[in-house]
Amino acid sequence: MQFQRLKLVGFKSFVDAAEVQIESGLTGVVGPNGCGKSNLVEALRWVMGENSYKNMRASGMDDVIFSGSGNRPARNTAEVGLYLD
């Protein structure tokens, strides 16, 4: 079994749909502080069954849903899809 891609909508900082391709070998995620790199790992853990909000750096399970910003309204749901081969 291999991970193919990770799709996120409304999960933490990913308000819009985002898709990350996971290629064979080593896949790295690079970006500045605060861009959501660790949120990708947490989304992967969540979709695989993690249910402890403490292990996902949250104060409650509602914190995994995008809570809004100055320019964007909050979302009501979060969705993470993991595609396998």
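Select from region 68-85 the residues that are part of a strand (DSSP E or B) and either under 14 Å from VAL15 (Cα atoms) or modelled with pLDDT under 90 (or both) and list them in ascending order.
Within region 68-85, the first condition is being part of a strand (DSSP E or B), and the residues that meet it are 79-84.
GLU79, VAL80, listed by residue number.
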Just need a number here: residues in region 24-47 that are touching a strand residue (DSSP E or B) at 6+ places or on another chain (Cβ under 7 Å) and among the hydrophobic types (A, V, I, L, M, F, W, C).
-> 5
Restricting the search to region 1-56, which residues are in contact (Cβ under 8 Å) with a residue 60 or more places away in the chain, among the basic types (Lys, Arg) and open to solvent by 70 Å² or more (accessible area, probe 1.4 Å)?
-> ARG5, LYS7
Region 18-67, residues that are of a type in the set (A, V, I, L, M, F, W, C), more than 13 Å from LEU6 (Cα to Cα), within 12 Å of the chain's Cα centre (by Cα) and not in a loop (DSSP other than H, G, I, E, B) = MET56, VAL64, ILE65
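The values are calculated or read from the model by the stated rules, or taken from the named source; none is laboratory data. Nothing here was measured: the structure is a model prediction, and the numbers come from that model. Using ideal geometry, Cβ is built from the backbone for each residue, glycine included, and neighbour counts are taken over all protein chains shown. Surface accessibility is based on the protein's heavy atoms, side chains included, excluding ligands, DNA and RNA. Shrake-Rupley method; radii C 1.70, N 1.55, O 1.52, S 1.80 Å.
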